[in-house]
Every structure is written in C-alpha cells, then in structure tokens.
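The values are calculated or read from the model by the stated rules, or taken from the named source; none is laboratory data. Quantities reported herein were computed from a predicted structural model and do not represent experimental measurements. Quick reminder, even Gly has a Cβ in these numbers, built from the backbone with ideal geometry, and neighbours come from all protein chains shown. SASA here: full protein model, heavy atoms, side chains in, ligands and nucleic acids out. Shrake-Rupley method; radii C 1.70, N 1.55, O 1.52, S 1.80 Å.
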Amino acid sequence: MIPFLDLQSINKQYRAELIEACTRVIDSGWYIGGKELEQFEHKFANYCGTQFAIGVANGLDALILTLNAWKELGKLKDGDEVIVPSNTYIASILAITANNLTPVLVEPDNQTYNIDPIKIEEAITSKTKVILPVHLYGQLAQMPEIMEIADKYNLLVLEDSAQSHGAEIDGKKAGNWGDASGFSFYPGKNLGALGDAGAVTTNDQELAQMLYALRNYGSHEKYKNLVPGMNSRLDDIQAAMLDIKLNFLDREVNHRREIANLYLTQIKNPEIILPLSNVDATQYHQHVWHLFVIRSKNRIALQKYLADHGVQTLIHYPLPPHKQQAYKEWNNLSYPISEQIHEEVISLPISPTLSLKEAEKVIQLCNGFKV
Ligand SMILES: *Cc1c(COP(=O)(O)O)cnc(C)c1O
C-alpha cells in the first residue's frame, strides 16, 4: 500500500536527534516557557522573515488569539466583518465566530482554489475590518493584490498559513505578507511537531506583546493580568522537536516539489484535472505542495480504483463550511465554485518520504483510470 502520508517514516529520519533533544529537555527540568521555546520562536521568525514568532498551542489558537488581540487593542469589535474563503478548512472560520466577528464567505478562483481578489473587493462593506486569506494546499493566495486591496480600504490582513510554511511569492514568505499570520505545526503539516503546536508571526511589536500575554492567562508579569487571556502555550519539548525539523523543511519541500513536478508533467488523463492547469506557473511558483489536489467528475470511482490498486488518497475537503451542521444558518446559501470543488477534489499521496518509484506507480494508475 502506498500510504497518503507516513508520519512514522518521516519522523524516523530524525529519530536520534529528536531523542537527544527530548533528553535535553527532560534533564533541564524546565518544560514551559523556557530556552527551547525562545530558540524555536527566534528561528521560525527568522525563517519567515518576520520580527516575531509567538508560539501557541495549535493553529486554531494562533488565529483565535490574533483576532482576540486586535479586539483587545481596540482594532476590532463584536460584529465586525472578516472576509474569508468559502472553501477553507473549518478552523479559519471557527476563529472568526469564536471572537463574535462575522465571517463573510468569498468564493475561490477555480484554478488556484485560493480566494479570488476581485470578489474580495465586491464583498467589502462599511463593517469589513479584516481579510483572512488562506494559503490553501501550500500555495500563497494572491497576496500582492490582496495587500493592495487592504491598503486601499484600510483593512487588517491575517494570513492562515497552516498549510504553507515556506511558500513564497517574489521571495517573500507566507507569514510575512499580512499584519499577522497563523501557523499550525500539527504532525501532518509540512512542518509538524510530535503533537499539537502553532505560532503567530508578525512584524507588529504591539500585537506581539499582546499575544505573549493572551497565550498565558493575559499576563505579562506573574500574577498580574492585563486582559482575560487563555492558556495556549507551545511547550518546550514540542519547540525542541520543531527546532530540529525546521532544519530539514526546505529539503523536504524540495522533495515534494520533485514529486509534484512528476505528477504535473506525466499525469495525462482527460478524466483528471491537474492543479494549476490554466494558471501562469511563473506567477505561482514556490508552491510547497502540502497537498497535491486533483479534480475528477468521477471522484468516487477514481478513489476506489486507486485504493483497489494500493494507493491511499484523501479528500480535502468533502463538505464546505457553509454546508456543515455547525453553521446551520448558512446551509441554504449557495457558493457554487466551492461546492463544485468540494465534490470533485481528491488528494494524491505526496510526502517527504514518498519515493519516486511510488510516484511513478501513482502516475501509471492515474493514466490508466477509465470510467
Ligand atoms: C490545520 C489547519 C488549521 C488548524 O491547525 P491546528 O493546529 O489543527 O489547530 C487552520 N487552518 C488551516 C487551513 C489548516 O489546514
């Protein structure tokens, strides 16, 4: 069986170093808010090109706390509107509603699957305060255009970079485009911890200071609480694991790119729509291929055929947020591009430990699929 993503084999590559780091933390007697966290925060900020990286408990909290921080800083208030893609993973939307802000769903471009800047501008009202672009599947949203719109209408921009560590446009990385960015280090992400972890990156010192407090009960100073915060910390063991894995991120991304390139050039089947098929690739290079998402009108048959021949695939995602029971009030709304994407997408295996031979097998099978 060719697995979709084999975390065991990915982390096994770094086993000796991970164990050494674990031992160091165990023996240090300092497990939260210590040197390991500080070192990783510094290194990750440096990697993204930002001034600050603030470690938090997970990617959802990174988004929740940033919006919360802007409320505490007086930049947002209950009911303000946040523009977000209608085909995102549910977490981007949960972060908005958790803060009593109003999500305004905007359709993606059906070639890139990222939010369509033209439709962002159409959705802006007097209540719009934030654009929350999601760099879906590992490819940056059209950030130059989005930042221009944000400047024109004086809006904050919060990137959801959970799937796009290291992705860039014109040499500028995910996490360094907006006013702030949320990252997830969930084990299956391109930079994955051995448990839950996340971070916010920003160049805004005032925001960074507020986030340091919010992740730690709203406290800057022990037993003094400035704001009602929460407990959302990135612990030192996970920080130490991430510090090691960050050393190998670019190498792993290059391997993903090699696989993606094989898929893009060698899968030839009219039943299958490849990513970026009609997009000017020079505009969208530096994709980090968190997921390799193809589309087919016969997705169910394709998935079964691949499984029968030993290839595991997943669907990202089967149901758009507006069709989820959690958001019943939106169930009757219509976002046709999102709905079509959700009906047709299927993700092929792509990972740092998928061999080229395995990729060849996936390609041959895809090319042999008939309805
Ligand atoms: C994974 C993910 C998140 C949430 O990250 P967690 O660490 O699982 O909380 C948010 N947004 C997107 C787009 C994601 O893929």
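Which ³J(HN,Hα) values in Hz, rounded to whole numbers, follow from the phi angles of segment 205-219 under the Karplus curve 6.51 cos²θ - 1.76 cosθ + 1.60, where θ = phi - 60° and Gly and Pro get x?
Once rounded to whole Hz, the list reads 5, 4, 5, 4, 4, 5, 5, 4, 6, 4, 6, 10, 6, x, 10.
If you project the alpha carbons of segment 188-247 onto the principal axes, what extent comes out on each, in Å, largest first?
35, 24, 16
Could you please report the charge total around Leu7, scoring K, R as +1 and D, E as -1 over all other residues with beta-carbon less than 13 angstrom from its beta-carbon? Present the calculation step by step, with values, prior to reporting the outcome.
Numbers: positive: Lys12, Arg15, Lys189, Lys245; negative: Asp6, Glu252.
Residues close to Leu7 contribute a combined charge of +2.
List the aspartates and glutamates whose Cα lies under 15 Å from the Cα of Lys357, skipping any in the same chain that are fewer than 8 positions away.
Glu258
Aspartates and glutamates near Lys323 by alpha-carbon distance under 15 Å, same-chain residues fewer than 8 away left out - which ones?
Within the straight-line limit of under 15 Å, Lys323 reaches these aspartates and glutamates: Glu107, Glu339, Glu343.
Taking every alpha carbon pair in segment 174-280, what does the distance histogram look like in 10 angstrom bins from 0, in percent?
Percent of pairs per bin, in order: 12, 28, 30, 17, 10, 3, 0.
Using only alpha carbons, build the gyration tensor for segment 223-358 and give me the equivalent ellipsoid semi-axes, biggest first, whole Å.
Details: eigenvalues 205, 136, 47 Å².
After scaling each eigenvalue by five and taking roots: 32, 26, 15 Å.
Given the C-alpha centroids of segment 46-99 and segment 152-195, what is the distance between them in whole angstrom?
Here the two parts' Cα centres lie 11 Å apart.
Note the full-extension length gain between Ile244 and Lys328 as 0.36 nm times their separation in residues minus their Cα-Cα distance, in nm to one decimal.
On the way: separation 84, 0.36 × 84 = 30.24 nm, distance 4.26 nm.
Difference between extended and current length: 26.0 nm.
Compute the Cα gyration tensor for the chain, then decide on rounded, prolate or oblate, letting a ≥ b ≥ c be the square roots of its eigenvalues: rounded whenever a/c is under 1.5, prolate when a/b is larger than b/c in the other cases, and oblate in all that remain.
Values: a/c = 1.94, a/b = 1.20, b/c = 1.61.
Cα axes put the chain in the oblate bin.
Quote the convex hull volume per residue of segment 47-107, based on C-alpha atoms, as a whole number of Å³.
On the way: hull volume 6.7 nm³, N = 61.
Normalising the Cα hull of segment 47-107 by residue number yields 109 Å³.
Any of Lys119/Lys172; Lys77/Lys119; Lys119/Lys268; Lys172/Lys297; Lys71/Lys152 with alpha carbons more than 29 Å apart? Name them for me.
Result: Lys119/Lys268; Lys172/Lys297 exceed 29 Å.
With a 1.4 Å probe and all protein chains kept in place, how much accessible area does Arg24 have, in Å² rounded to the nearest 10?
120
What number, in percent, do you get for the relative contact order of the chain if the mean sequence gap of Cα pairs under 8 Å and at least 6 apart is divided by its residue count? Walk me through the numbers on the way to the answer.
Working: 759 pairs, mean separation 81.4, N = 371.
About 22 percent, as a whole number.
Gaussian network model of the chain, Cα springs within a sub-10 Å range: biggest mean-square fluctuation belongs to which of Gln163, Gln13, Gln312?
Gln13
Calculate the spin-label point distance for Glu258 paired with Ser219, positioning each point 7 Å from the Cα along the beta-carbon direction, and give it in nanometres.
Each label point is offset 7 Å from its Cα along the Cβ direction, giving 4.9 nm.
How big is the C-alpha Rg of segment 83-210 next to the rule-of-thumb value 2.2 N^0.38 Å, as a ratio? Walk me through the numbers on the way to the answer.
On the way: Rg = 13.9 Å, N = 128, 2.2 N^0.38 = 13.9 Å.
This ratio for segment 83-210 stands at 1.00.
At a Förster radius of 30 Å, what calculated FRET efficiency corresponds to the Cβ-Cβ distance of Gln111 and Cys22, to the nearest 0.05? Could the numbers behind the result be given before it?
Details: r = 44 Å, r/R0 = 1.46.
Efficiency, rounded to the nearest 0.05: 0.10.
Accessible area per residue for the chain in Å², computed with a 1.4 Å probe and the full protein assembly in place, what is it?
Values: 16100 Å² over 371 residues.
For the chain, the per-residue accessible area is 43 Å².
Can you give the helix-only mean residue ellipticity at 222 nm for the chain, where every DSSP H stretch with n ≥ 4 adds -39500 (n - 2.57) and the sum goes over all residues, rounded to the nearest 500 deg cm²/dmol?
Working: 13 runs with 145 residues, N = 371.
It lands at -12000 deg cm²/dmol.
Show Leu73, Leu132 ordered by accessible area, largest first, where the area counts protein heavy atoms only and the probe is 1.4 Å. Intermediate results must be reported in sequence, preceding the final value.
Numbers: Leu73 45, Leu132 0 Å².
Per-residue accessible area, sorted high to low, gives Leu73, Leu132.
Which whole-angstrom value gives the distance between the alpha carbon centres of segment 124-141 and segment 333-371?
Taking the Cα centre of each part, segment 124-141 and segment 333-371 sit 25 Å apart.
For Thr265, Thr66, give me the order by solvent-accessible area with a 1.4 Å probe, most accessible first, ignoring ligands, DNA and RNA.
Working: Thr265 70, Thr66 0 Å².
If we order Thr265, Thr66 from most to least accessible, we get Thr265, Thr66.
Provide Lys152, Lys77, Lys119, Lys35 ordered by accessible surface of protein heavy atoms (probe 1.4 Å), highest first.
Values: Lys152 140, Lys77 120, Lys119 60, Lys35 170 Å².
These residues rank, largest area first, as Lys35, Lys152, Lys77, Lys119.
At a 1.4 Å probe radius, carbon and sulfur cover how many percent of the accessible area of segment 50-180?
Details: 1870 of 4090 Å².
Exposed carbon and sulfur together represent 46 percent of the surface.
Looking at the chain only, what percent of DSSP beta bridges run antiparallel? Nearest 5 please.
Numbers: 22 of 37 bridges.
Bridges in the chain that DSSP calls antiparallel: roughly 60 percent.
Can you give me the long-range amide H partners of His220? Hydrogens built in the peptide plane at 1.01 Å from N, cutoff under 5 Å, separation of 5 or more residues or another chain.
Under 5 Å from the amide H of His220: Leu226.
Could you work out how much longer the chain between Leu314 and Asn231 gets when fully extended? Use 0.36 nm per residue separation minus the Cα distance between them, nm to one decimal.
On the way: separation 83, 0.36 × 83 = 29.88 nm, distance 3.28 nm.
So the chain would gain 26.6 nm between Leu314 and Asn231.
Using only the Cα atoms of segment 19-149, build the gyration tensor, take square roots of its eigenvalues as a ≥ b ≥ c, and label the shape rounded, prolate or oblate: rounded if a/c is under 1.5, else prolate if a/b is larger than b/c, else oblate. Don't skip to the answer; put the middle values down first.
On the way: a/c = 2.52, a/b = 1.83, b/c = 1.38.
In terms of gyration-tensor shape, prolate.
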